[in-house]
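Taking it in order: structure first as structure tokens, then the write-up.
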Amino acid sequence: MILPVVKYGHPMLRQKGAHIEKVTSAIKKLIEDMLETMYAAAGVGLAAQQVGRALQLTVLDVCGVKDRPSTLEWNDGPVEVTAFMPLTLINPEIKPFGDPVTGPEGCLSFPEIYEEITRPSGVEVSALNERMERVKFKAGGLLARAIQHETDHLNGILFIDRMPVVAKKALKEQLDGLQKATKEALAG
């Protein structure tokens with residue numbers, strides 16, 4: 001089922017997600033619905049907060065993006081990224097590494113808003129998968145950027161928090177309008 005994606009101004013986007021202790025049938029269904037929602041919106045990642053759930057859960061799939069490559073190292077060796085997509089991360093812990101790289105980012109909770117964001121080029125990840133198995137890997141390129149973006153969501157951090165001040169000021173009117181529309185819709 002495609003879930004509604006909450007927009008900027010919704011308080012859920014600032015909620016830190018609760019740890020998941022067990023993958024219940026409800027969590028399995030949420031993962032399926034989040035994947036369906038992400039694909040329907042043509043996104044590469046989706047955090048539980050974006051569908052109104054304050055949980056440490058995100059789904060990712062970068063396979064559809066051909067112009068921004070990704071790298072993946074599993075068990076200390078490079079692997080084909082497509083073999084591990086879609087990727088479900090539960091209770092992820094990340095350690096960014098590498099030189100800072102500036103690149104374009106958007107967010108399903110900020111329709112039509114894109115900006116250049118600087119993040120470390122790689123990330124080490126330790127998380128649980130949908131079967132509650134511990135997974136550890138390193139990612140680079142778009143996948144590293146997407147993991148950092150989604151992990152930020154799990155901690156109540158938005159990509160606008162990472163924008164240069166000048167860029168955020170330039171988007172102020174759009175951001176204010178989106179926030180106002182969201183709050184009006186919530187007030188109902």
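Pairs are defined by a Cβ separation below 9 Å, a sequence spacing of at least 6 or placement on different chains, a first member in the range 53-75 that is crowded, with 19+ Cβ neighbours inside 10 Å, and a second member that is part of a strand (DSSP E or B) and among the basic types (K, R); the pairs so defined are Q56/K16; L72/K138.
The rows are residues; the columns are (1) touching a strand residue (DSSP E or B) at 6+ places or on another chain (Cβ under 8 Å); (2) over 15 Å from E130 (Cα atoms).
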residue	(1), (2)
V6	no, yes
R14	no, yes
G17	yes, yes
A40	no, yes
R53	no, yes
T58	yes, no
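Cβ separations smaller than 6 Å between residues 6+ apart or across chains give no pair from the range 162-188 residues that are on the phi < 0 side of the Ramachandran plot to residues that are loosely packed, with under 13 Cβ neighbours inside 10 Å. Pairing each residue of the range 109-138 that is on the phi > 0 side of the Ramachandran plot with any residue that is part of a strand (DSSP E or B) and surrounded by 14 or more Cβ atoms within 10 Å (Cβ to Cβ), provided the two are 6+ apart or on different chains, yields no C-beta distance under 7 Å.
Read the figures in this text as sums done on the coordinates, not as results from a lab. The structure displayed is predicted, hence computed values, not measured ones. A quick note on method: Cβ atoms are made from the backbone with ideal geometry, for glycine too, and the neighbour counts reach across all protein chains shown.
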